[in-house]
Amino acid sequence: MNGPLLMGVRHHGPGSARAVRDALAAYEPKVLLVEGPPEADAVVALAAEKDMRPPVALLAHAVDEPGRAAFWPLADFSPEWVAISWALERAVPVRFFDLPAAHSLAAAGEDGGLDPDAGRRPLPEDGPAPDGESAPEGAAPSEGERGRAEALRLDPLAVLAETAGYDDPERWWEDVVEHRGADAAADRDPYAPFDALREAMGALREVHGDGGHPRDAAREAHMRLRLREARREHGDDGVAVVCGAWHVPALAATVPVTADRQLLKGLPKVKVEVTWVPWTHRRLGRHSGYGAGIASPGWYGHLFAAPDRPVERWMTRVAGLLRAEDHGVSPSHVIEAVRMAETLATVRGRPLAGLAETVDAVRSVMCEGSDVPLALIHDRLIVGDDLGEVPDGAPAVPLQRDLTRLQRSLRLKPEGGDRELELDLRKDTDAARSRLLHRLRLLGVHWGTPARSRTGSTGTFRETWELRWEPELSVRLAEAGMWGTTVLGAATAKARTDAVGTTVLAEVTDLAERCLLADLPDALPVVMRALTDRAALDSDVGHLAQALPPLVRSVRYGDVRGTDAEALAEVAAGLAERVRVGLPPACAGLDADGAAEMRGHLDTAHQAIALLAQSRGEADDGLLDRWQGVLRKLASRDRTPGLVRGRCARLLLDDGRLADGEAARLMGLALSPGTAPDEAAAWIEGFLAGGGMLLVHDRRLLDLVDGWLAGVPAEAFTDVLPLLRRTFAAYESGVRRTVGELVRRGPAGEGPAGAAPPGGAADGPGVGMPGFGPDLDPARADAVLPTLRLLLGRAGPGETAAGPGGTEDAGAGPGTDPELGRVS
Amino acid sequence: MTETNALRPHAEDAFAEELKALAAADDRPRPERWKLSPWAVATYLLGGTLPDGTVVTPKYVGPRRIVEVAVSTLATDRALLLLGVPGTAKTWVSEHLAAAVSGDSTLLVQGTAGTSEEAIRYGWNYAQLLAHGPSRDALVPSPVMRAMSEGMTARVEELTRIPADVQDTLITVLSEKTLPIPELGQETQAVRGFNLIATANDRDRGVNELSSALRRRFNTVVLPLPATADEEVDIVSRRVDQIGRSLDLPDAPEGLEEIRRVVTVFRELRDGVTGDGRTKVKSPSGTLSTAEAISVVTGGLALAAHFGDGVLRSSDVAAGILGAVVRDPAADRVVWQEYLEAVVRERDGWKDFYRACREVSA
């Protein structure tokens, strides 16, 4: 072989990786050139360290502006990674020879957005995802922009696949490159695949030119210059190159040095730093983050790692996973699945069973046609959970830099000791501080913990934090570096991922609240989406009711902080509606514990709905009315447990939604002799819990309770007692005493004979307010008058003529009103 | 089988030309006793154009993957189980598969609650049995037994309707590939080329779950419901038209909108997500198959024709939908009400429908 070894690869292609390994072993180069930013030469040695475990990514970022960054992810089946590891093991120098990130990031800045091409040009290797796994994942431009940019670009793989008669470029690549029999590799020319690929790409580039990638000219010029340099140093036979297959023809072309130099002259430049960050298979996956990458990193990793019989080994792993999840999968299933996959490949005319065949075989043989276990397999095996590791020696991530910058501008120093911080959210700086602390909390960097204010202020515009910077927070920050390069960006990405991964409804609402607090407008739609989805599928009214209060709180925060809470209110209203619809069936057939739990949910939901209706104002379309309608229905339905029924009656009463006498009617119904005593006691608990002033003020209710209690048969009394005790023990002592005194005074009316007047007691002469005597005691009433005069500031006795003649007691009752009106 | 005036000719007769052309063009290896190669069987079902210009009509419109998996299953000598809710062309696919693979789709056992072991194994000709004692001549082989001895494809329709103990008769057939005849001390061994296609409906009421021992012997292919709303509306309105004509119902030209509405409701509840993909909804316990949508619309048409003004309106289908959705009075009612309140109430142009549904669900 003459000249340098040019290995055109597909990034993250296990077949390419294997071919690279074989070719390197055969060629033994003295220097290795890899596509990537030359700034990374300084950190490449870290790749050999024990603590370095792929998937990892090279991260280049502008020093002054951490948000401008690009990632070059590497998995252990990436050809670049294989080549770098090979070279480091043999102390062969490794150089990255792409256009320096200093230029590409600067150019990205000039365009007003980060160009997906700023990093390694990924196109030819990535098939259907043209902007590929190596597209920078920093502050990506909007989807639309990307879409347009992609449309203009040529996907060389698609062209080749189409020429070969395939409709799916990915499949074509798998068939011709990745699935070449691994066993046959030994006695084959290790350079053959690269020669063939170079030829194909050469033909393509002859037709399509730069294929819509104008930036490539500068990059390839730089590559050629560095390649020339390396050849001068180590001779033509000492250089090996790993780069995207698309670039190979350009590297092999002879172009005058001056022309290349000319191309590189005067390129804009920024100061750049490069480091390693841990990466995940999931982020290599196409479905995550910015939608770039390979669809099946787990499968590719398996293809690369499996020494032989990849399909058999894969099926065994699938079976293992399914067994761990309690699906009965026998070895005969595995055998049949392998046979099935191979037959399918034959029917489809493919050389070897690929991912599509194995998935179809697993579905049909092991999963009984169901897609549910298949989703699990996709998640755990085909994509995989692998998380990379980076040695501690790696330079600081830009996230740290961004935080330092924010700390400086917000005058918030990291200090070891405890410190309390009071924030007034109406001030800009304080609001920004609050946002920073909330964002850090989302990232798992618990620098500040929200605390109860010492001044006892409860205003929504105040926040109290306890700050404490622990050394391990720096580690946390470094870990969070994979989420982004700025605190805002990282928190947004993390919140989005969390929203999708959380299964419990209450956690999602909590997350929504935190997103609002942290002001992450870009994460909120995703979180809201997750929230509505979970709410729609959750059939447990309890969960829904628990989720409602934080959401309603968020709606109110939104008002305070000026964020747009309209969408949130919409979601909250939807949730409230679901609670409303689900409540009546959920209240049927509950035991005592269930009823107690349901009562709690009822209270929280009621509060939240009232708040929501209040904060929505005009936008509310009768939600509160409908809710009260349900309460009314529950209060009068026999199947509802007494506790819940009593609670509903009480909530309605407190809202003034029960007509005069209605509460007494309901109570009379609940306490009538036909009802079992424990059920009645539960009703009382539900109705009276949380405040006994009601009994003090409405003598009718007290008399009903009193009358019922006196009628409880002796044998049932001991059963009822604990319930009653629980109810009354919670009252304040003053209330308890007053109730006791009222009871001692005996029923209303005159003595024992006059039982409690039913329903609406008339105000006519001779019959007083319930709980009071039938007539005034003029002597005692007179005694009040001097004080009353003092209060009203009227000393003259001349006007008192009517005083004693007043019909009612001065302390209460309608009588005072005419009196006052006249006096003043 | 040459009579041409049969009401419904068998697949192998109706498409004899295509099968012949495929066999002629097919140069790929065929499993033993197969009339066509697996590739040609897939082409027969999915349609295509042969090198000699013969156009093969598509028999099954749906994902290619499904047909490929089904054909591959038959080629691996594993039995094939076609699962799906009513109206997903299970029987149709099984008939055409058998016709293409063995050239004969008539080796059929129809599963019912009354299907006995004899129907799957063998019966006796009692006159012969009494006259000459037990012998092969007195034996009446079942379609499954014939398929085994001749290396053909047998079909079992509605496998889950067959009582569980009778179902399990198939275990020996499928795992040992043999059918013992203890009365004669003999057995019938399956020759190469034998296979079995079963169809079943796993979500209906009144089905007998397959035992896991039997289930293991099958590769399962789930036939999906129509992929798009338009496709389903098309299927429903075509079938409704046919049924309506046989019931002498008057035509309802205005009904398409209601049909679309019924299909939308069914699809959304079935898929658990609204058509625009923005709101999730709970799914009720019923299957909500296309077949049920058809019966809801037919019922609505009858209502409109006999008691209404002849035009299919929301109120005519509302009761039918409620009946189809709410199968479990407790759980499904909540699902339905949530759907009404969260989705139907806010949809433009659905006011009538919302009101009609509220009326019947109250």
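Determine, yes or no, whether B:R245 is closer than 30 Å to A:V581 by Cβ, among the charged types (D, E, K, R) and in a helix (DSSP H, G or I). It is false that B:R245 is closer than 30 Å to A:V581 by Cβ, among the charged types (D, E, K, R) and in a helix (DSSP H, G or I). If you scan region A:308-332, which residues turn out to be of a type in the set (A, V, I, L, M), touching a residue at least 40 places away in the same chain (Cβ under 8 Å) and under 15 Å from A:E368 (Cβ atoms)? Residues satisfying the conditions are A:V318, A:A319, A:L322.
Scan A:V255, A:V277 and give me the residue that is in the same structural domain as A:M52 (by TED's automatic domain parsing), buried (at least 20 other Cβ atoms within 10 Å of the Cβ) and of a type in the set (V, I, T). Spell out the reasoning first.
Working: A:V255 fails: buried (at least 20 other Cβ atoms within 10 Å of the Cβ).
It is A:V277.
Against the list (1) away from chain B (no Cβ under 11 Å); (2) over 15 Å from A:V311 (Cα atoms); (3) not in a helix (DSSP H, G or I), the condition A:R323 fails is (3).
For region B:211-239, residues that are among the basic types (K, R), assigned to a helix (DSSP H, G or I) and under 30 Å from B:T76 (Cβ atoms) total 1.
Kindly indicate whether B:L45 is within 28 Å of B:T220 (Cβ to Cβ), surrounded by 14 or more Cβ atoms within 10 Å (Cβ to Cβ) and more than 10 Å from chain A (Cβ to nearest Cβ). Here the answer is yes, as B:L45 does meet what is asked. The listed residues are A:G293, A:G285, A:G298, A:G289, and the only one of them that is more than 14 Å from chain B (Cβ to nearest Cβ) and modelled with pLDDT of 85 or more turns out to be A:G298.
Does region A:449-464 contain any residue that is among the small types (G, A, S) and within 14 Å of chain B (Cβ to nearest Cβ)? Spell out how you get there, then give the answer.
Initial filter on region A:449-464 (among the small types (G, A, S)): A:451, A:453, A:456-457, A:459.
With within 14 Å of chain B (Cβ to nearest Cβ) added as a condition, the list becomes none.
There is no residue in region A:449-464 that is among the small types (G, A, S) and within 14 Å of chain B (Cβ to nearest Cβ).
Scanning region A:335-345 turns up one or more residues that are closer than 19 Å to A:D168 by Cβ, assigned to a helix (DSSP H, G or I) and without any contact (Cβ under 8 Å) to a residue 24 or more places away in the chain. Quick one: how many residues across region B:63-94 are surrounded by fewer than 22 Cβ atoms within 10 Å (Cβ to Cβ) and either in contact with a Cys (Cβ under 8 Å, 6 or more places away or on another chain) or more than 14 Å from chain A (Cβ to nearest Cβ) (or both)? Final tally of qualifying residues: 5. Checked against (1) under 25 Å from B:D202 (Cβ atoms); (2) free of Cβ contacts under 8 Å to residues at least 24 places away in the same chain, B:G277 passes all but condition (1). When we screen A:V318, A:V329 for residues that are β-branched (V, I, T), more than 20 Å from A:P169 (Cβ to Cβ) and within 14 Å of chain B (Cβ to nearest Cβ), the only hit is A:V329.
So which helices (runs of 4 or more DSSP H) are wholly in region A:347-433 and hold at least 1 residues that are within 14 Å of chain B (Cβ to nearest Cβ)?
Working: elements: A:355-361, A:372-377, A:398-409.
Where helices (runs of 4 or more DSSP H) fall fully within region A:347-433 and carry at least 1 residues being within 14 Å of chain B (Cβ to nearest Cβ), they are A:355-361, A:372-377.
Among the residues here, A:L631 does not qualify as in contact (Cβ under 8 Å) with a residue 60 or more places away in the chain and either among the hydrophobic types (A, V, I, L, M, F, W, C) or more than 14 Å from chain B (Cβ to nearest Cβ) (or both). Within region B:306-321, residues that are touching a residue at least 60 places away in the same chain (Cβ under 8 Å) sit with their Cβ atoms under 8 Å from residues that are not in a helix (DSSP H, G or I), at 6+ positions apart or across chains, in these pairs: B:G310/B:P250; B:G310/B:A252; B:L312/B:A252.
For region B:319-362, the set of residues classified as among the hydrophobic types (A, V, I, L, M, F, W, C), farther than 16 Å from B:V281 by Cβ, over 32 Å from the mean Cα position of the chain (by Cα) and within 14 Å of chain A (Cβ to nearest Cβ) consists of B:A362 only. Each residue in region A:10-38 was checked for being of a type in the set (D, E, K, R) and surrounded by fewer than 18 Cβ atoms within 10 Å (Cβ to Cβ), and 3 pass. Taking the criterion of being at pLDDT below 85 and in a helix (DSSP H, G or I), the residues of region A:482-498 that qualify are A:M482, A:W483.
Can you tell which of B:N219, B:N195 is away from chain A (no Cβ under 11 Å) and either in contact with a strand residue (DSSP E or B) (Cβ under 7 Å, 6 or more places away or on another chain) or among the basic types (K, R) (or both)?
On the way: B:N219 fails: away from chain A (no Cβ under 11 Å).
The unique qualifying residue is B:N195.
Against the test of being more than 53 Å from the chain's Cα centre (by Cα), modelled with pLDDT of 80 or more, surrounded by 13 or more Cβ atoms within 10 Å (Cβ to Cβ) and not small (G, A, S), the options A:V739, A:V743, A:V735, A:V712 yield a single qualifying residue, A:V743.
One residue is enough: does region B:251-272 have a residue meeting the conditions among the small types (G, A, S), buried (at least 22 other Cβ atoms within 10 Å of the Cβ), away from chain A (no Cβ under 14 Å) and under 30 Å from B:V207 (Cβ atoms)?
Here is the first cut: in region B:251-272, the ones among the small types (G, A, S) are B:252, B:255, B:272.
After this cut, where a residue has to be buried (at least 22 other Cβ atoms within 10 Å of the Cβ) as well, the list is B:252, B:255.
Those left that are additionally away from chain A (no Cβ under 14 Å): B:252, B:255.
Okay, now just the ones that are also under 30 Å from B:V207 (Cβ atoms), so none.
Within region B:251-272 (the criterion being among the small types (G, A, S), buried (at least 22 other Cβ atoms within 10 Å of the Cβ), away from chain A (no Cβ under 14 Å) and under 30 Å from B:V207 (Cβ atoms)), the answer is no, since none of the residues qualifies.
Between A:L658, A:L653, the distinction of being out of contact with any Asp or Glu (no Cβ under 7 Å at 6 or more places or on another chain) and either at positive phi or not in a helix (DSSP H, G or I) (or both) belongs to A:L658 only.
The values are calculated or read from the model by the stated rules, or taken from the named source; none is laboratory data. Keep in mind the model is a prediction, meaning the values are calculated, not measured. Every residue, glycine as well, gets a Cβ built from its backbone with ideal geometry; the counts of neighbours run over all protein chains shown.
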